[in-house]
Every structure is written in structure tokens, then in C-alpha cells.
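Novice: Quick one: this structure, given as C-alpha cells, is what I'll be asking you about.
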Amino acid sequence: MKSLNDFPRVELGFFPTPIRRLNNISRILGTNVYIKRDDLSGLGLGGNKIRKLEFLLADALAQGAEVVFTTGGAQSNHAMLTAASCCKLGLEPILILMDRGVTEKKGNLLLESLMGTEVRFQDTDSYREIYAEMDRVGTELGRPYYKIPCGGSNALGTLGYVACAEEISRQEKDAGLSFRHIICAEGSGGTMAGMALGAKLFLPEARVHGMMVSEDPFDQITLDLMQGAADLLEADVAINADNYDLREMWGPGYAISSEEGAAAVTMMAENEGIFLDPVYTGKAFAGLIAMAREGAFAPDDNVLFIHTGGAGGLFAVEM
């Protein structure tokens, strides 16, 4: 099996991100709840996409790209962090976003404006159409360009969260801990797939729980991304769903606040002074709360919540 160090990476993040016990939340939920602060990962307002972008933008630079395209919804955290990373690396970001959600200049769109990022909206629900538009614009520009998919979720980007699992395994050892459950949001697939594959490789005692915040077919998306990342690593590991579960947490729909998600955001803020967002981490943490109240965790279990960021969207989405 290849080492993650065999793959080119650019240094963008502040790693390792800390793991801390949430003492008040643990008391409320009756189990040991820890949080991994990937919202403190570096550029922009932090977040999980930095780990993926370290691999993806290294590949862009290796291919001689001058322009980097990516996409997502109007308030995409990934798009904002791609722009921030490109600013640091001297690349020109162009964001072609779906004309869906909050399109006023607030939240992540305000941050992109501050960075001088070119943002174009396309009235479509089809990423195929958006990727075709990237090719059209890139050809028109006549400069070498690189396309990053929504969320940075392809096989190479998925390695970012395989690396995160390896990082957690070192932190476990240093702290004398063993995490029985790991909970993260699943919004485009790469974070969850990387954690699930990384757990197979580095955290065999852990079960990973992906909290689905949209209605995409994540049962297949997760396996496909795990397989792609495993192939890159030449890892001799069975790709299946035996170490993870998926839970529906999208509520009224993607990028729309849910009642339980808003309550989870409030619980975390009131009891720990940590801010989640209503689109991803709030809904994911709501899933953790529901599992605890259903009796899924024993009192002595160590449960790790991955805070994947999203603070920019907190200032754009109604709750």
C-alpha cells in the first residue's frame, strides 16, 4: 500500500486540528462526546475542504494550471475555501455556482467578494451542465485550467479524510483514547468516504456514521469514492459498508434549516460556545443527539464529532 506521503500536497491547513471533550454536552447526552475542530483548519473560516484541497491543488499546480474552476450552491463553503486557497497559491479561481439558495452578497458570497473572486451563476440543477460551462469558459480564456468537482469529492480529494483518520489514530494514541463512534456530515461524499476508508485502515475499532444532508444516492456515492481512493493508495482492503452507517438528516431539504438542526446549533452554542451551521454540521450534530437519545451509545463510549466548518453559511441562511 502506498503512503499518503507519496502523493503531492500543498500546505494549506493548520494540522493536526485539536480534539476536545465536550463536557457539558457529554453530561446532557450521557456519553463521552468529543469534537474534532476541523473548523480550525486554516484558511478562510476553516473547514473540511482544506484537507481535500491540499491534494487537489497540488495536482492542479503539477498540471500547470493557472485557472481553477469549482462549483456548488450559492453559499458553498467549498467554493469559498477553494477561492481562499487559490489566493494563497497564486492561482485564479472562477466559481460557477448554481443559482440556488441565498445569492445576496452575504455569508460566503461576501467573503468571495472580499477576495476579488469571479463568481458566475448558472440557472441549472445539473452539474454536468456546469462542468461543460467550465470547459467553455476555460477554452475561451485560452489558459491552462483545472476543474474541481462539487465539494472536492473525487478519489484524490477523498484522500484528505483518509489522512484525517490517520491523524485521529495518532491523537487517540497520544491521549490514551479509543473512539467507538465517529459522526460527520455527508454533503458531497468525500469526507464521509475518506473517514470510512480511513477507519478501515487506521481506526478498526470505530464505526463511522454519515449524516446525509441531501437526498443524493450516498449509498453508492460513498462506496464509489472509497473504491477510487483505495485504488489510488493500492490498498488491499474490502470496500463495503460493514464499518459505517448512513442516516437521513436533510429535513425539509438541502440548504434549508431543519427544526432539529437549529436546535442542535443552539445546544452546542449554549453549552459549549462553539458555533455550528444549519446546513451541514447542525444537521449532523442533530443526528448524533438523536442517536444518543435512542440509546445507540453506552455511557462509557467515546464518540467523536467531526466539526467540518461552515461558519460562513451561518450568516446567510435563515434559521
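The values are calculated or read from the model by the stated rules, or taken from the named source; none is laboratory data. Owing to the predicted nature of the structure, the values given are computational and were not obtained by experimental measurement. Methodologically, a virtual Cβ is constructed for each residue, glycine included, from the backbone with ideal geometry; neighbour enumeration extends over all protein chains shown.
Novice: Output the qualifying pairs, or none if there are none: Cβ atoms under 6 angstrom, residues six or more apart or on different chains, first residue in region 42-71 and within 13 Å of L12 (Cα to Cα), second residue acidic (D, E) and outside any helix (DSSP H, G or I).
Specialist: Hits for this filter: zero, empty list.
Novice: Residue by residue through region 72-91, note down the ones that are touching a Phe, Trp or Tyr at 6+ places or on another chain (Cβ under 9 Å) and without any contact (Cβ under 8 Å) to a residue 24 or more places away in the chain.
Specialist: If the condition is that a residue be touching a Phe, Trp or Tyr at 6+ places or on another chain (Cβ under 9 Å) and without any contact (Cβ under 8 Å) to a residue 24 or more places away in the chain, then no residue fits.
Novice: Given A230, A193, which one is in a helix (DSSP H, G or I), of a type in the set (G, A, S) and over 18 Å from the mean Cα position of the chain (by Cα)?
Specialist: A230 is the lone residue from the list that is in a helix (DSSP H, G or I), of a type in the set (G, A, S) and over 18 Å from the mean Cα position of the chain (by Cα).
Novice: Select from region 1-15 the residues that are of a type in the set (A, V, I, L, M) and over 9 Å from E54 (Cβ atoms) and write down the one among them that is surrounded by the most Cβ atoms within 10 Å (Cβ to Cβ).
Specialist: Result: L4.
Let's see how each residue does on (1) assigned to a loop (DSSP other than H, G, I, E, B); (2) surrounded by 15 or more Cβ atoms within 10 Å (Cβ to Cβ); (3) free of Cβ contacts under 8 Å to residues at least 24 places away in the same chain; (4) of a type in the set (K, R):
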| residue | (1), (2), (3), (4) |
| --- | --- |
| S178 | yes, no, no, no |
| A199 | no, yes, no, no |
| N240 | yes, no, yes, no |
| G251 | yes, yes, no, no |
| A262 | no, yes, no, no |
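Novice: Pick from D216, D236: which is within 23 Å of R100 (Cβ to Cβ) and surrounded by fewer than 22 Cβ atoms within 10 Å (Cβ to Cβ)?
Specialist: None of the others qualify; the one that does is D216.
Novice: When region 299-310 is examined, which residues are found to be buried (at least 24 other Cβ atoms within 10 Å of the Cβ) and either among the β-branched types (V, I, T) or modelled with pLDDT of 95 or more (or both)?
Specialist: Hits for region 299-310 are V303, L304, F305, I306, H307, T308, G309.
Novice: Got a sec? Which of A316, A296, A286, A292 is buried (at least 16 other Cβ atoms within 10 Å of the Cβ) and modelled with pLDDT under 95?
Specialist: A316
Novice: Cβ-Cβ distance below 8 Å, separation of 6 or more or different chains: which pairs start in region 265-290 with a residue that is without any contact (Cβ under 8 Å) to a residue 60 or more places away in the chain and end on one that is among the aromatic types (F, W, Y) and in a helix (DSSP H, G or I)?
Specialist: V265/F285; L276/F285
Novice: Only one of L97, L22, L89, L43 is over 29 Å from A235 (Cα atoms), modelled with pLDDT under 95 and of a type in the set (A, V, I, L, M); which?
Specialist: Of the residues listed, the single one that is over 29 Å from A235 (Cα atoms), modelled with pLDDT under 95 and of a type in the set (A, V, I, L, M) is L43.
To keep it simple, each residue is scored yes or no on (1) of a type in the set (A, V, I, L, M); (2) outside any helix (DSSP H, G or I); (3) farther than 24 Å from S214 by Cβ.
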{"site": "L81", "(1), (2), (3)": "yes, no, no"}
{"site": "L97", "(1), (2), (3)": "yes, yes, no"}
{"site": "L109", "(1), (2), (3)": "yes, no, no"}
{"site": "E112", "(1), (2), (3)": "no, no, no"}
{"site": "V119", "(1), (2), (3)": "yes, yes, no"}
{"site": "T124", "(1), (2), (3)": "no, yes, no"}
{"site": "R128", "(1), (2), (3)": "no, no, no"}
{"site": "M134", "(1), (2), (3)": "yes, no, no"}
{"site": "T139", "(1), (2), (3)": "no, no, yes"}
